[in-house]
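Read through the structure below, which is laid out as structure tokens, and then see the notes.
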């Protein structure tokens, strides 16, 4: 029930990641707010630079995806950016990215929002768009520079980064979608009103009734619909708001630590919100071999999960030359202190 | 004045009931108690609760719950005495039956604490302390107990690890309680590594924030025997409330917990017995230090030697003075206004011989002590098994 399969098989033609270079260690957040005591949920998180936002970051990820896909950009019929930190409330990020990669004017372009699953929402739609035959190529991006409220637990992990995917016909794909499934309920675990700068959340309520209920349901129902078991997969990646949740979800579903290792990036870059599950997927694709199966499950507060089952093809071996890998972006780091972070994130009121 | 019995008990599991409202939780325990009592008639309802206004935006619980449960029209009020609300409600119910003003009375305790973030709950709980001098200066409830614990450790040369057996014992007993929030064991190692909350009080010293409801049905002892086919009436031998200054800094004898000492003394007098007669004690273990102080001032150990009861295994089910026999506040849980009634329900289970793997053998006399704030309102109840 709920299994999504398009009329023609589609897959990932190109993918690209982006992580800004600045890193704020969790020890810095702890130093300022907890006197250096308290448990650290991750090692460090990525912080955007002074001139970066979701538009600039999406463009770089999109260019990386184009470099891997090697297609004519004018054939892209949709450029969809999902984020919870779009630069404008009204004025799509997607048109900026579409223009930057040369996909205009014959393209769909709209922004998506569903907390941390905005990017995979766009991917589901792209699968349908291409799978129906309406288009041969569509781009879906999940990217965020989400703000953490100063002094809140989430400030440790609210990071920046994400990924872009170009969806196209299966015969050209480096990984084919075997099927997908969305599991959505009205569950208010985390939200931000339009006039508020920082989000609010329901503390422990964001666990069992939100993250776990939706991730576990989407993952297990997709596997059941496809007749698949955890042992059939070489890799699994889940939404990663902290180091604990995805590890527990993986373990409870029956995946081993090895299966989730490649995609688990939160400890080094933080929670990249709409980019989180899908940037983990790029790290997996950077090392996956033909024939490998991958399970990717996002989670967005509000709440819902998108689950995807992928099978890697022969084409993957030709798609890496000259494009930075996700690990290379992670390794490119400049450590900053809390004061610099506060400046970069415009937390200091100048008037 | 006439003797009063408890003829019915009911309780919900203690936990994070995000899908249940305050009145749904209360209804669950009340209907269970009424069913257990096998009575069709209820004359009045007393609802013990501390924070319904602050944490759920709802006061006026007497009328709210009586209507929702199907008792529209009866005498019903909310009784509040901070974390002592549950047993304070019991005292009110007891007094009306003993005073021949009502025959069948339901006493329920209910609390919902998990629908607001931690900071809001901490701020609300601080309302049990002195608003002008304690809460205003940022003293949270944990902090007040930390002050008591630190002073105790200093005066008696006691180390923090000596409090561990109280957490370990509570958790061990919770394993066999299907209503407990934390039905798993903890070790001395866990206690040592446990996260510090307000030095020296750590996570395993402290009871949890949670939701729950418990209820009992009272009636005259004579009626219990003759009319309500209650096979296991339990008699209320004593129920006594005493108060002390709210603020710690106004106490005459900080570690003497005078409210508890006075309440216990009154209860022993009412019952005509002493601590040596008590077979089990549902102590108010909101924090491990509170267990130790209560045990001392109620006469189970000398001042300053309370931790020995833990170290020597006296507090275990088979020990000299079993405490927290179904998990206590620490492991069964502490939905603050409901706790006092959970304690009574658990003593009744023991005296009826219905405590399963946690049964204290030959339990005839059980004591429960419910403490409001850091010792400002204390209600001590002594129950006796009837044949």
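Every read-out reported here was derived from the displayed coordinates using simple, explicitly stated rules and does not represent laboratory data. Small disclaimer: the values here were computed from a predicted structure and weren't measured. Ideal geometry is used to build each Cβ from the backbone, glycine not excepted, and the neighbour counts take in all protein chains shown.
Considering only beta bridges that DSSP places wholly inside the protein assembly as shown, some 70 percent are antiparallel.
Classify region A:175-317 from the C-alpha gyration tensor, please: rounded if a/c falls under 1.5, else prolate or oblate depending on whether a/b exceeds b/c.
Judged from the Cα gyration tensor, region A:175-317 comes out prolate (a/c at least 1.5, a/b above b/c).
Using C-alpha pairs below 8 Å separated by at least 6 residues, the relative contact order for region A:143-245 is 21 percent. Between the helical axis of B:288-297 and the longest alpha-carbon principal axis of chain B there is an angle of about 70 degrees.
Percent relative contact order of chain B, based on C-alpha pairs within less than 8 angstrom and at least six residues apart? Walk me through the intermediate numbers first.
Details: 970 pairs, mean separation 100.9, N = 387.
About 26 percent, as a whole number.
Would you compute, from DSSP H runs of 4+ residues alone, the mean residue ellipticity of chain B at 222 nm, taking -39500 (n - 2.57) per run and dividing by the full residue count, rounded to the nearest 500?
-10500 deg cm²/dmol
The order of the peptides B:279-287, A:76-84, A:288-296 by mean Cβ neighbours within 10 Å, most packed first, is A:76-84, B:279-287, A:288-296. Per residue of B:14-27, other chain Cβ atoms within 10 Å of the residue Cβ number 1 on average. For chain B, modelled as a GNM whose springs connect Cα atoms under 10 angstrom apart, the maximal fluctuation among B:83, B:298, B:219 occurs at B:298. Restricting attention to chain B, close to 70% of DSSP beta bridges with both partner residues there are antiparallel. Counting neighbouring beta carbons within 10 Å and listing from fewest to most, the residues A:45, A:261 come out as A:261, A:45. Helical content of chain A, expressed as a calculated mean residue ellipticity at 222 nm, amounts to -8500 deg cm²/dmol (DSSP H runs of 4 or more residues, -39,500 (n - 2.57) each, divided by residue number, nearest 500). Structural descriptor for region A:1-155: relative contact order 26 percent, calculated from alpha carbon pairs under 8 angstrom and at least 6 residues apart.
Helix B:141-156 and the longest principal axis of the C-alpha atoms of chain B enclose an angle of approximately 60°.
The alpha-carbon atoms of the protein assembly as shown, seen along their principal axes, cover 94, 53, 48 angstrom, with the largest extent given first.
Going by neighbour counts of Cβ atoms within 10 Å, the residues B:254, B:90, B:203, A:349 line up, fewest first, as A:349, B:203, B:254, B:90. The separation of region B:58-116 from region A:174-199, counted between C-alpha centres, amounts to 43 Å.
Measure nothing but the geometry: give the 0 to 90° angle between the long axis through the Cα atoms of A:276-285 and the longest principal axis through the Cα atoms of chain A, rounded to 10°. Here the helix axis deviates by roughly 50 degrees. Of the peptides B:55-64, B:185-194, B:239-248, the order by per-residue mean of other Cβ atoms within 10 Å, starting with the highest, comes out as B:239-248, B:55-64, B:185-194. Taking the average, over residues, of other Cβ atoms within 10 Å as the packing measure, peptides A:169-180, B:166-177, B:150-161 rank B:166-177, A:169-180, B:150-161 from highest down. Full extension of the chain between residue A:340 and residue A:50 yields a length gain of 103.4 nm, computed as 0.36 nm times the residue separation minus the alpha carbon distance.
The overall shape of region B:255-387, judged from the alpha-carbon gyration tensor, is rounded, with an a/c ratio under 1.5.
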